[in-house]
Every structure is written in structure tokens, then in C-alpha cells.
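To keep things clear, I will list the structure first and then write my remarks on it.
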Amino acid sequence: MGEAGKQENVTTYEEMAEVVARLGIVPLAPLIPEHPSVNGLTLAENWHTDTELDPWRWRVRFPGEGLAGYGKFIKKKAVLVSREWLPAYLAASGPQQSLEERYQSGLATREALTLLEIIRADEGIETRQLRSMADMKAKEKKTAFDNAVTELQGSMDIVISGVKQRVNADGEPNGWNSTSFETSGHWMHEAGIPPFEGSREEAIAWLRSRMEDAWAPEAVAWINKALGWK
């Protein structure tokens, strides 16, 4: 049995960073059987306190500091993937074709293609601006927008790169912080993370070898099935 079965209590960002580095993949909320999550390892009273101990703030510190990729990578759920594991994870789970090719084959939506083209041209764009540029600000288009953003994260085309403070025309803070997005390749380049040198099969083998050292067997079996790794 891997180390993931150990009971842990995480209080600080630094402690969580050690967990993410050791386990490679850690979901924000419970997702993988017999495997820790940020929610499960931390105290409920620290969430949404906007303090250094608030795990909700940590989720964007990780990509902001280049320690882990963050996004809805697995079953439309938010996941942290360590900087060491991310190149192999992208090679193992990312697209084998460009989004344009997938769209032409009916494997991607027009909305996802539109959003990716905008993100490529403006890396780090925040949600409100992205909706505006995609002409999807209307209330009836919100679901299509949200689905397209989730689609792009699930295919590893984009990551959540952080949050930006919304400001008004005078540059003053105005409203809630807004999620920002970058293409996976751009985020990795900016974080100094080289791509995986090898095939998809080699990337899967690389990940499995590390999972077997640190994960519970149930967790390894689940992710193999969830990601279609044979």
C-alpha cells in the first residue's frame, strides 16, 4: 500500500505543497478512492477565511508560484498536478490532436475552439473579459461558456493560472476576484517546466511507476479506469 493511506492534517500551504509534491495528483475535493484531497486534509474552519491558512487561496498560489498545474482535469473536478508530474500527465492525458482537428472531427465544440483562440492570443485572460471577447456575456450563454471552459480543462488545453482582482474604469477594486486562464504549454514554459520527452505509453508508464510507490492500489486502479489507461 502506498503512502497515500496515511492520515494527515494539513494546516499550512507549505505542508500542502509537500503533499502535492509527494503524491503528484491531489484533487481539491474527495474524488479518487483511498486518496487524499485538499478538502479532506484541512480544517473546515480555515476555508474561505481569506487568511494564509485558507486552502481556497492555496489553489491559485500553486499555479501562481509554478508548483502545480490546476484545473478541472479529471471528471470535471478541480485537481492539482505537481510540476514534476505535469509533463507526463499532459503527455498521457492531453490531446493527441490539435483542437482544430478535434473540432473538424466532431470531438470538440465550437465554443471551446472560440475560447481557446482567444486565450492563445491573450494568455492569462480573466473570465469576464473572456466571456466578453467570445460574445458570451448574455445570461443564456453562461452555461455554454462554463461547459466550454470545463471542456478545455478536461482536455488539458488550458489551465487555471490564477485569479485577478476586478477593477473599475478608475482602476479601483470592483467585485469578486476573477479566474484567469492560460494554455497548458504557455503556463509550463513560464514556470520553467520542460515537456515530457517520450510517447503517451511511456508517460503512462512513468506515472504508474510513481503512483505505485505512493498511492493506494484502489486509487491507482480508479485513475487507470477514469483516464482510459490500458
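The values are calculated or read from the model by the stated rules, or taken from the named source; none is laboratory data. The structure presented is a predicted model; accordingly, all values stated were derived computationally and were not measured. Glycine also receives a Cβ, built like all others from the backbone with ideal geometry; neighbour counts cover every protein chain displayed. Areas reflect the complete protein model, heavy atoms only, side chains present, ligands, DNA and RNA absent. Shrake-Rupley method; radii C 1.70, N 1.55, O 1.52, S 1.80 Å.
In the chain, once you exclude exposed chymotrypsin sites (Phe, Trp or Tyr not before Pro) (DSSP loop, at most 15 other Cβ within 10 angstrom), what's the longest stretch remaining?
Result, exposed sites excluded: 48-175.
Please compute the contact order of the chain in relative form: average sequence separation of alpha-carbon pairs under 8 Å and at least six residues apart, divided by the residue count, as a percent.
25
When the chain is modelled as a GNM with alpha-carbon springs shorter than 10 Å, which of His48, His186, His35 fluctuates the most?
Maximum among the listed residues: His48.
For segment 42-99, state what percent of all Cα-Cα pairs lands in each successive 10 Å bin, counting from 0 Å until the bin that includes the largest distance.
22, 41, 27, 9, 1
Go through segment 58-98 and name the trypsin sites (Lys or Arg not before Pro) that are in a DSSP coil and have 15 or fewer other Cβ atoms within 10 Å of their Cβ.
In loop regions of segment 58-98 (DSSP not H, G, I, E or B), the sparsely surrounded trypsin sites (Lys or Arg not before Pro) are Lys75, Lys76.
Could you tell me the accessible area of Ser209 in Å² (1.4 Å probe, neighbours in place), rounded to the nearest ten?
50
So what is the accessible area of segment 2-161 per residue, in Å², with the probe set to 1.4 Å?
47
Classify the chain as rounded, prolate or oblate, taking a ≥ b ≥ c as the square roots of the eigenvalues of its Cα gyration tensor: rounded when a/c is under 1.5, otherwise prolate if a/b is larger than b/c and oblate if not.
Oblate, because a/c is 1.5 or more while a/b does not exceed b/c.
For the chain, what is the mean residue ellipticity at 222 nm derived from helices alone (per DSSP H run of n ≥ 4: -39500 (n - 2.57); sum divided by total residues; nearest 500 deg cm²/dmol)?
My calculation for the chain gives -13000 deg cm²/dmol from helical runs alone.
What aspartates and glutamates sit close enough to Lys225 to cross-link, taking a C-alpha to C-alpha distance under 17 Å and skipping anything fewer than 8 places away on the same chain?
In chain and number order, the partners are Glu34, Glu201, Glu212.
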